[in-house]
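Report on the following structure.
The values are calculated or read from the model by the stated rules, or taken from the named source; none is laboratory data. Note that this is a predicted model, so its numbers are computed, not measured. Neighbour counts run over all protein chains shown; Cβ positions are idealised from the backbone, glycine included. What goes into the accessible areas is simple: the full protein's heavy atoms, side chains included, and nothing from ligands, DNA or RNA. Shrake-Rupley method; radii C 1.70, N 1.55, O 1.52, S 1.80 Å.
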Amino acid sequence: MGPLSARSYPGRSLVRPHPPPAERARQEIDYGRRGKGYVFGAFCPATGAAFTRPYPGRGTAHWVVFLEEVESWLPPEVARVYAIADNLGSHRAIDVLLFLLAHPRWEMVFQPKYAAYLNLIEPWWKVLRSLTLAGRRFETWDEVTAAIAQATEYWNAHRHPFVWGQRRRHRPSRPPGIALLPKAT
């Protein structure tokens, strides 16, 4: 996930039944660069467990260090690890190939271009953004990393498996709207 920077992130506002007359949109002015970086993440859809680490860049060295940290985070009884990654050049570098040779249970699976929906970490990034960034202002990159660590810890305490293509349990299915075809008599 990234690049992220220490700045203000818009949040949801209260929807009023009778809004005030139309005015100019108001947004807090946020100038300046107060630090930026990238967040790498690993996600187990079957259990819902997540692992995140912030890095100042997204180069090959950071990617290999992240893979090593994920290797130590995963339980040793897991026989196969499928790492689904995009086609970024640092994900295919020689150092990554050496990591894969040193860890035979790992297999890299590269998703097709323009098919981010095939990777189940993408909807989890949306959840992490809403837990961490929405409606907050960060003065430093350290504040962003602390918020991401806190949100990941909260998620892991309340995690649930991700099932692709199914509705959430607490949301009832909606009745059909006006597009419903009339019944033939």
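Can you tell me which residues in region 110-126 are out of contact with any strand residue (DSSP E or B) (no Cβ under 9 Å at 6 or more places or on another chain) and open to solvent by 20 Å² or more (accessible area, probe 1.4 Å)? Talk me through it step by step, then tell me what you get.
Keep residues of region 110-126 that are out of contact with any strand residue (DSSP E or B) (no Cβ under 9 Å at 6 or more places or on another chain), which gives 112-117, 122-123, 126.
Selection gives P112, K113, Y114, A116, Y117, E122, P123, K126.
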Answer with yes or no whether A50 is in a loop (DSSP other than H, G, I, E, B), under 21 Å from W124 (Cα atoms) and out of contact with any Asp or Glu (no Cβ under 9 Å at 6 or more places or on another chain). no
Region 134-160, residues that are assigned to a loop (DSSP other than H, G, I, E, B) and either at pLDDT below 85 or over 25 Å from L118 (Cα atoms) (or both): A134, G135, R136, F138, E139, T140
Selection within region 74-99 - open to solvent by 40 Å² or more (accessible area, probe 1.4 Å) and in a helix (DSSP H, G or I): G89, R92, I94, D95, L97, L98
Search result, residues across region 24-73 that are among the aromatic types (F, W, Y) and either at pLDDT below 85 or open to solvent by less than 40 Å² (accessible area, probe 1.4 Å) (or both): Y31, Y38, F40, F43, F51, Y55, W63, F66
Got at least one residue in region 4-15 being open to solvent by 100 Å² or more (accessible area, probe 1.4 Å), at pLDDT 90 or above, out of contact with any Cys (no Cβ under 8 Å at 6 or more places or on another chain) and of a type outside the set (F, W, Y)? no
Residues that are within 13 Å of A49 (Cβ to Cβ) and open to solvent by 40 Å² or more (accessible area, probe 1.4 Å), drawn from region 127-153: E153
Is it true that some residue in region 97-119 is farther than 23 Å from T60 by Cβ, in contact (Cβ under 8 Å) with a residue 40 or more places away in the chain and within 15 Å of the chain's Cα centre (by Cα)? no
